[in-house]
1. Measuring from centroid to centroid over Cα atoms, what is the spacing of segment A:40-116 and segment B:30-88 in Å?
2. Would you mind checking the radius of gyration and Dmax of the protein assembly as shown based on alpha-carbon positions, in Å?
3. Over the whole of B:16-22, what's the average partner chain Cβ count within 10 Å per residue? Rounded to a whole number, please.
4. Determine the dipole magnitude for chain A: charges of +1 sit on the beta-carbon of Lys and Arg, -1 on that of Asp and Glu, nothing else is charged, the reference point is the Cα centre, and the result goes in debye to the nearest 20.
5. What's the exposure ranking of A:Ser77, A:Ser5, going from fewest to most Cβ atoms within 10 Å?
6. For chain A, what is the largest minus smallest coordinate of the Cα atoms on each principal axis, given in angstrom and ordered from greatest to least?
7. Kindly rank A:10-22, A:81-93 from highest to lowest mean number of other beta carbons found within 10 Å of each residue.
8. For B:Leu74, B:Leu54, what's the fewest-to-most ordering of other Cβ within 10 Å of each Cβ?
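Coordinate-derived values only; no laboratory data. The structure presented is a predicted model; accordingly, all values stated were derived computationally and were not measured. As a convention, Cβ positions derive from the backbone with ideal geometry for all residues, glycine included, and neighbour counts pool all protein chains shown.
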Amino acid sequence: GAVVSQHPSWVICKSGTSVKIECRSLDFQATTMFWYRQFPKQSLMLMATSNEGSKATYEQGVEKDKFLINHASLTLSTLTVTSAHPEDSSFYICSAIEGQQNTEAFFGQGTRLTVV
Amino acid sequence: GQNIDQPTEMTATEGAIVQINCTYQTSGFNGLFWYQQHAGEAPTFLSYNVLDGLEEKGRFSSFLSRSKGYSYLLLKELQMKDSASYLCAVGMDTGRRALTFGSGTRLQVQP
């Protein structure tokens with residue numbers, strides 16, 4: 001299957017700083033990427049949908065100014081958590097879909113963010 | 001709104017068969033997905049149903065009834081490595097293709 005690489009796997013940052021997470025599709029062109037957040041023992045919650053070359057679509061309750069998403073190319077999307085706070089500590093996972101017709105999404109390895 | 005229900009936890013014995021149920025009530029429907037997720041790892045794709053009926057793939061099978069808003073994942077010949085969370089997810093719509101996930105079922109396989 002297709003491979004999606006997410007980096008870093010884990011990061012610890014100080015409260016008030018910003019953290020950038022990268023999501024790359026290694027062997028296919030991802031027209032659409034999704035960013036999810038998962039708190040312990042809970043399921044994945046969609047944060048935003050990212051389409052190459054256009055602004056991301058954020059889910060209700062997700063602050064677009066806090067979670068900056070950039071999808072500058074067909075193989076890379078980034079999520080920047082700005083002015084991070086301890087309550088932003090979570091597992092962030094991206095997924096990517098190839099082309100316009102496919103439905104199967106391939107997930108990255110996830111990034112464990114801890115804000116201290 | 002979106003509502004996807006599945007049992008929180010299940011326990012089964014190695015070599016046995018287990019069925020994990022999922023019911024959904026969503027504003028849109030573009031297929032029903034099952035993912036496996038080990039602790040601290042990203043989900044891995046198991047199955048996709050868009051039409052009613054049973055899809056079989058090795059030890060794993062998935063069933064869908066759209067009229068009942070119901071799906072199940074059937075795992076046969078359970079192995080210890082099958083201990084994981086199993087996530088039921090509904091495709092939102094053909095345009096966005098995002099997924100709405102259930103809370104997941106933690107399956108513990110015992111010797």
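1. Taking the Cα centre of segment B:30-88 as reference, the centre of segment A:40-116 is 24 Å away.
2. Looking at the protein assembly as shown, its Cα Rg and Dmax stand at 17.5, 51 Å.
3. 0
4. With Lys and Arg at +1 and Asp and Glu at -1, about 320 debye.
5. Sorted ascending by nearby Cβ count, the order is A:Ser5, A:Ser77.
6. On the principal axes, chain A reaches 40, 26, 23 Å in Cα extent.
7. Ranking, from highest mean packing down: A:81-93, A:10-22.
8. B:Leu54, B:Leu74
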